[in-house]
Structure formats: C-alpha cells, structure tokens
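The values are calculated or read from the model by the stated rules, or taken from the named source; none is laboratory data. Please read these numbers as outputs of a predicted model, since none were measured by experiment. Cβ atoms come from the backbone with ideal geometry, glycine included; neighbour counts cover every protein chain shown. Side chains included, ligands, DNA and RNA excluded: accessible areas come from the protein's heavy atoms. Shrake-Rupley method; radii C 1.70, N 1.55, O 1.52, S 1.80 Å.
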Amino acid sequence: MPKRFLLIRPPVEEVVPTIPEVSLPDSKNESIFKWVVLQNLVDASLPYGLLKIGAWLKDQGHHVKMLDFGPHSADPTRERLHLMEYRTPGLDGKSTKRYPVYLIGNSFEECRELLSKQEAPDEIYITTSMTFHAKSVAIMIRICKEVFPRSKVTVGGILASLCPEYVKEAGADEVHIGIIPEAEPYPSDISIMDYVPDYHMFKSTRGCPYSCSYCSVHIIEGRNMSFRDWRLTFNEIKDAHDTYGITNFRAWESNLLVNASNHFEKVLDAIIESGMKVTLEAPEGIAPQLLTPSIARKMKLAGFTHVEVPLESASEEVNIKRYNRIVTTGVFEKSIQTLLDAGFLNRELFIFCLTGLPDQSLDLLISGMWKCWQIKVRPFFTFYTPIPKTLEYENYKIRIAHKTLGELHPYLWPFAGPTFTVKDMEDFLRVHFSIHPLARFDSLPLDSEVRKRLLRLLREDFEVREYSYQIKLNHLLTPDDAEEMIHEHGNPINKNCPRSLIIHPLMRDFIRYQEDYAPIEQINTENNANAAMVRSAEELEKNGIEFRDHLPKTGRYHSITDYWELLSRTRSECRDHLNRIRGLLDKDGTAVVRVWDRSAIQTSSSFFPWHATDRNSDIPAVMSAAEWKAMLHESGFETKRATIDNPYLDIEIKHCNN
C-alpha cells in the first residue's frame, strides 16, 4: 500500500569566528568572508542521498514530499543566518572568546511553521551530515515528533552512521547506518525539491581502499570500491543541465580517480563530446598519485575551473606514519606540474593543508602553507574536526571527553592549546587561500606569532619574497604607468645607439597569480593596466630597449633603469645588487634605481610595505634619501638627481669619478 513520506534536511549549524576581516556578510571585505568561512561550510552539499531515496520511493509508488531547510545556494552570501547560540573555541574552554553559531537556511521557528502546514506523513526520513551538526539534528527530530507524534522518524546519513546512540537518544524511532542499497542505482530526483538549485551534485563511487587516520569514508562506506555505470552518471548530469538549466556540477567523490580510465575519464569524454558548457568541481579533492596528463587535460576541457589537491602536511613522515597516507612530496609536486601543464593557472589550484590536529606544532603548520607558496599555489586550510570512530579520534578522545559533538566544530579548533593557540588559528584564517605571503599579510596583528614566523621565512626565502612583492607591485600598475613608460623611454633607438635596459616588476603572465577570486574573463576586462604595460613593454622592445624583470648576469649597457629589484631586497641584498649594476654599466653610463623612501612611505599609509613588515624591519630596505645616497656612494656611485615618486624614490646615478 502506498505511503506518504516526508524527507527532511535540517538547517545547518555553523560556527563563524568573529575576528576582524573575517566576520559576517556585512564585513568590510565580503570576498574574504565568502571564500574563507562560508564557502567551506554552507554549500558543502545538496541532500544528495535524500534525492536518490526520493527517486526510489517514487518508483515504488509512494507519495514523496521533501523539505530542504538547509542552504539552497552555491553562493553563501545569498543565505540567511539565524543566531543559534555562542560557543567557546579551544581545548580547555578557558578562552575569553565566544563565537556565534548560526543556523543557515531556515530558523527552527520557520521549520515548525512549514511542517505544521504539511499533511501528516506515515514516515519521516531525516538526513544528517557532519557530526558537529548534532545539536540542530536533535532539535529537528524533536520538532518532527512534536508536530507529527504518530509518524515514524528514521534518521540516516553521516552523523547517524557514526553516532547512532546519540541519534537514538535524540528521539529517532529508527537509526539507519550506511547507505540504502535499493536506492543506490537511482539518479537524484531534483523534481521533489520545491526549488531548483544553482548547482548539482553527483556521486558515482562508493568505498575507499585507503585508511587515512582522520577520515571516516572507509568506515561508513567500506574498503571495497564500487562504481556506478559511467553512462548513468553522465545522463544524470545531462538531464539536470537540459531540464533545469543547471551548469555547475560537483563531484562529491572521495576517490574520483580510482579506476578512472573505466569511469571518470569516460564521464569527462562524454561531457566534452556533448558540447555542454558546464563548470565542474571536485570539493573533496583528487588523489595526486592517480592523476595523469590525460586526466588533467580532460578535466580542463570538460569544465573544471579549479582543482583541490591534498598535501595535508609538508612533512612526509607525518603524512605516512601518522596520517597513513601513501603520497610522497615528490608525487604531490608532480601532480601540480601536471595540472599546470594541462592549462590550469596557479591561482586555480587549492592545496588541502590539514590544520589543527592534536600536538601539531605551529612551525609544522606554517611549513605547509609555505610549501604551497614555494610552488605558487593556494593553501586551503582544512581545519580539523575529530570524527568519531576514526583513528585520530580514538587516539585523542580522552582529551575531548568533556566536549559535546557540536563543540568539535572545526572553527572552534577543539585541540588549540599547548602547541598552537586559538589566536594562531584565527591568524591562519586571515591568510586562508592567499596565493602568496603578502596577499593579506596586513590583516595579521603586530603581535601575531604567525606573523613573526612568516616574516622570518620571508627574510630567509628570497624567491618567495621576490615573487610576493612582484605580484603586489603588479596590482598597483595603472594605465598612467604605461603611458609614462613610453614617454620616458619610447624614443626609437637605431643600431648604432648604446644599449639600454629597463628592469620592471611587470609579470606578463600575471593572470596566473591574480590574487582575487573573480572569473578570469572579468579579470581580463578589469586589469587593463597590466595589459597596457605589456603592450608598452613590447613597443619598447621593438625600439631596441631590453625589458626584463631581472638583471642579466652579463652584458654592457649605457643606460640601466631599475624600477623593481631593490624594492624586495634587504639592505645587504641591495648592496650586492648595486655591485651587479656597477659591473654592467658603462663607465660613462647612467642608471636610475627605484627604492622605498621613508618619508614618502610615511605619507602614504595605505601602501603595503608598512602593512607587510615592521618599521624597524629590513624586509624590504626602506631608508631616507640620505641613507640611500650613502649606500650608493659606498657601492661606487655618484648621485646625480633624486626624485620622489610617492611612495618611491627614483635616484639617477653614475660611476664615481674616483
């Protein structure tokens, strides 16, 4: 006999750390709020399992109604937040900070009101996701029992599978552990929802052959892999695209590349051959050891706009011995190069760095993000939550025995204490997703321990420092800079003229490292200053002027204009560089060097060096005009003229007569 089923996804409870630059949607920098906090949490997933169950129940002739009380959009800034309560971060609960916990989606009052308008169902299926969402699930169960006291309430999903006792105590009539095998062959049925989502999930594998110490997939789904027919997966994508106009698809897969030649690659081939214009994502990341050039190329062609790759730790020993991972650092680096060779930009690669586990040292955590910056990709901090039944949880559960499941939320940093602090984790959040150390360095407090250690690494690692400053300076380019360059250096030079050299921070492939999160097409439109500078450089080169971003090792020049290389160097490095200029400059030649001027900097407080370093620091060298002239004299140069070009000082020099 047909039954009436009501399928429910509860509202999502999330902690939002209230720290400057990373707070609520009206933050002064909404992009940071969007990408740093909610992007990781709000759009975690559609209720994919419920949609498959709904399709199965409908096929059995039952009446199915679904109420999605969770977030509806892929854009977290479009969601409504309802204050639920406050929680204290850290291990010991002694922090003076209190973070708000928000329901995202519907409030409980709205849930009750909407439920009361429904015809009483025979059975209610409630899905669950992360274990730290436990409290909102318990409240949802209670509301359902109060509104429909005669309806059977069955709860499934991740929380139910890992913590069945909790769900049973919360009032569920039945707890379902694992998947419902009968529903697995069915595609997700969007028609049972009362709205059309702006993205769609698909999942076509089950199981995990690995046993990472922090992960529960192999516990919930088993170690044996199973694969859905690739044709069914493609048909589900095509149907959502053709029927509902959905163009954004997310492969919610833990092992997307296992058996890829017989599965995932075929899905990609079908998408490419269909000509569908879609964007694809794999939020759980791809296995570096299984990535091939063929797969990477097809991912790019099919519509992947960015790729997440797990590094987890910069320490190979930690990865292998503690996390039970099988990927070496060499394999990880090779996978990054494979993606770059396939046409992905550096700014499109996000690297998972597992952050906040018990006993992690701050230096180890920082080494992970620094590794990302060394290979010019973005660190993606996956803040740790201890998941019941995993090896990490079992090893350290005695330390968190006093905490509720909700207090294990990753943004409460439940193990912050002896080896890293809540403040350290807040600082990690401030630089989350940055493609280089200076991108949001100005948001770090002056007394930040993270800031101090990053400054030390900036001093030690010249290549990363230089790359960071070059990106920052490229962001400051204006169309006027291009015109000025042509005006000052654009006179044609014939073959008999002395050689001229211009050193400039211009990155011709700047788009690869663009800091913001706008689509490439938008960046190309907006960043006309960089394009203008590229055209100016090409015009100067046609006129016989060498245009570089680094001083050559050999050669002789009558004119050298260095707009760049002294702007990222320490005092001692500046002296070495000036000696190199002296070796390349003709005896009767002239040079212009651009440096940071102390007085100009002080009147230009919005400029980045004072954000990026301490005033008494030497990263980079910032001095008065008199101090620069003294250094130039020590290096064998005579100063002809010094001009302030706020916040720079341009100094024209020549060899000393003596």
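Looking at (1) outside any helix (DSSP H, G or I); (2) open to solvent by 20 Å² or more (accessible area, probe 1.4 Å); (3) farther than 19 Å from Asn346 by Cβ, which is the only condition Gln289 fails? Every listed condition holds for Gln289 apart from (1).
Among the residues of this structure, Ile177 does not count as one that is within 30 Å of Val318 (Cα to Cα), open to solvent by 50 Å² or more (accessible area, probe 1.4 Å) and of a type outside the set (Phe, Trp, Tyr). Among the residues of this structure, Leu458 does not count as one that is crowded, with 20+ Cβ neighbours inside 10 Å, in contact with a helix residue (DSSP H, G or I) (Cβ under 7 Å, 6 or more places away or on another chain), under 30 Å from Lys135 (Cα atoms) and not polar (S, T, N, Q).
Yes/no matrix, rows are residues, columns are (1) part of a strand (DSSP E or B); (2) modelled with pLDDT of 95 or more:
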| site | (1), (2) |
| --- | --- |
| Pro71 | no, no |
| Lys97 | no, no |
| Pro100 | yes, no |
| Leu103 | yes, no |
| Tyr125 | yes, yes |
| Ala138 | no, yes |
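Looking at the range 430-437, can you tell me whether even one residue there is modelled with pLDDT under 90, more than 22 Å from Tyr384 (Cα to Cα) and out of contact with any Gly (no Cβ under 8 Å at 6 or more places or on another chain)? No: the range 430-437 contains no residue that is modelled with pLDDT under 90, more than 22 Å from Tyr384 (Cα to Cα) and out of contact with any Gly (no Cβ under 8 Å at 6 or more places or on another chain).
Residue pairs whose Cβ atoms lie under 7 Å apart, separated by 6 or more positions or on different chains, with the first residue in the range 389-408 and at pLDDT below 95 and the second open to solvent by less than 50 Å² (accessible area, probe 1.4 Å), do not occur. Just so you know, in the range 83-117 the residues that are open to solvent by 50 Å² or more (accessible area, probe 1.4 Å) and polar (S, T, N, Q) include one that is nearest to Tyr411 (Cα to Cα), and it is Thr96. For Lys145, the conditions (1) in contact with a helix residue (DSSP H, G or I) (Cβ under 8 Å, 6 or more places away or on another chain); (2) in a helix (DSSP H, G or I) all hold with the exception of (1). Do the conditions hold for Pro149, that is, is it open to solvent by 40 Å² or more (accessible area, probe 1.4 Å) and free of Cβ contacts under 8 Å to residues at least 24 places away in the same chain? Yes. Looking across the range 575-601 at every residue that is closer than 18 Å to Lys553 by Cα and among the charged types (D, E, K, R), the one that is most open to solvent (accessible area, probe 1.4 Å) is identified as Lys587. Return yes or no: is Ser254 surrounded by 18 or more Cβ atoms within 10 Å (Cβ to Cβ), hydroxyl-bearing (Ser, Thr, Tyr), closer than 30 Å to Thr131 by Cβ and in contact with a helix residue (DSSP H, G or I) (Cβ under 6 Å, 6 or more places away or on another chain)? Spelling it out, Ser254 is indeed surrounded by 18 or more Cβ atoms within 10 Å (Cβ to Cβ), hydroxyl-bearing (Ser, Thr, Tyr), closer than 30 Å to Thr131 by Cβ and in contact with a helix residue (DSSP H, G or I) (Cβ under 6 Å, 6 or more places away or on another chain).
Checked against (1) out of contact with any strand residue (DSSP E or B) (no Cβ under 9 Å at 6 or more places or on another chain); (2) more than 29 Å from Asp461 (Cβ to Cβ), Ile644 meets all criteria but (1). Is there a residue in the range 380-395 that is within 20 Å of Glu515 (Cα to Cα), basic (Lys, Arg) and surrounded by fewer than 23 Cβ atoms within 10 Å (Cβ to Cβ)? Checked against the condition, which is being within 20 Å of Glu515 (Cα to Cα), basic (Lys, Arg) and surrounded by fewer than 23 Cβ atoms within 10 Å (Cβ to Cβ), the range 380-395 yields no hits at all.
Counting only helices (runs of 4 or more DSSP H) that sit wholly inside the range 466-550, those with at least 2 residues that are modelled with pLDDT of 85 or more and either crowded, with 16+ Cβ neighbours inside 10 Å or of a type in the set (Gly, Ala, Ser) (or both) are 528-542. Flag: Val318 does not match the condition of being surrounded by 17 or more Cβ atoms within 10 Å (Cβ to Cβ) and within 27 Å of Tyr199 (Cα to Cα). Is it the case that His176 is at pLDDT 90 or above and under 28 Å from the mean Cα position of the chain (by Cα)? Against the criterion (at pLDDT 90 or above and under 28 Å from the mean Cα position of the chain (by Cα)), His176 does not qualify.
Residues that are closer than 26 Å to Arg456 by Cβ and of a type outside the set (Val, Ile, Thr) number at least 3 in the following strands (runs of 3 or more DSSP E) confined to the range 292-407: 349-355, 378-383.
Scanning the range 444-455 for residues that are in contact (Cβ under 8 Å) with a residue 24 or more places away in the chain and open to solvent by 10 Å² or more (accessible area, probe 1.4 Å), we see that the one that is nearest to Leu412 (Cα to Cα) is Glu449. Close contacts from the range 328-351, counting a first residue that is within 15 Å of Glu308 (Cβ to Cβ) and a second that is of a type in the set (Val, Ile, Thr) and surrounded by fewer than 19 Cβ atoms within 10 Å (Cβ to Cβ), with Cβ to Cβ under 6 Å and a gap of 6+ residues or different chains, come to Ile336/Ile375. Being at pLDDT 95 or above and under 20 Å from Phe108 (Cβ atoms) is the requirement here; does Lys65 meet it? Spelling it out, Lys65 is indeed at pLDDT 95 or above and under 20 Å from Phe108 (Cβ atoms). Looking across the range 260-276, the residues that are modelled with pLDDT under 95 and open to solvent by 50 Å² or more (accessible area, probe 1.4 Å) come down to Ser261, Asn262. Considering only residues in the range 292-315 that are surrounded by fewer than 21 Cβ atoms within 10 Å (Cβ to Cβ) and among the polar types (S, T, N, Q), the one that is farthest from Leu362 (Cα to Cα) turns out to be Ser294. For the range 435-443, the count of residues that are touching a residue at least 60 places away in the same chain (Cβ under 8 Å), part of a helix (DSSP H, G or I), of a type in the set (Gly, Ala, Ser) and surrounded by fewer than 22 Cβ atoms within 10 Å (Cβ to Cβ) is nonzero.
A quick yes/no check of all residues on (1) among the hydrophobic types (A, V, I, L, M, F, W, C); (2) farther than 27 Å from Pro386 by Cβ:
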position: Gly406; (1), (2): no, no
position: Phe441; (1), (2): yes, yes
position: Ile471; (1), (2): yes, yes
position: Glu484; (1), (2): no, yes
position: His489; (1), (2): no, yes
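Within the range 444-461, if we keep just the residues that are within 27 Å of Thr385 (Cβ to Cβ) and part of a loop (DSSP other than H, G, I, E, B), the residue that is modelled with the highest pLDDT turns out to be Ser448.
Within the range 616-645, the set of residues being surrounded by fewer than 17 Cβ atoms within 10 Å (Cβ to Cβ) and closer than 27 Å to Leu446 by Cα comprises Asn616, Ser617, Asp618, Ser624, Glu627.
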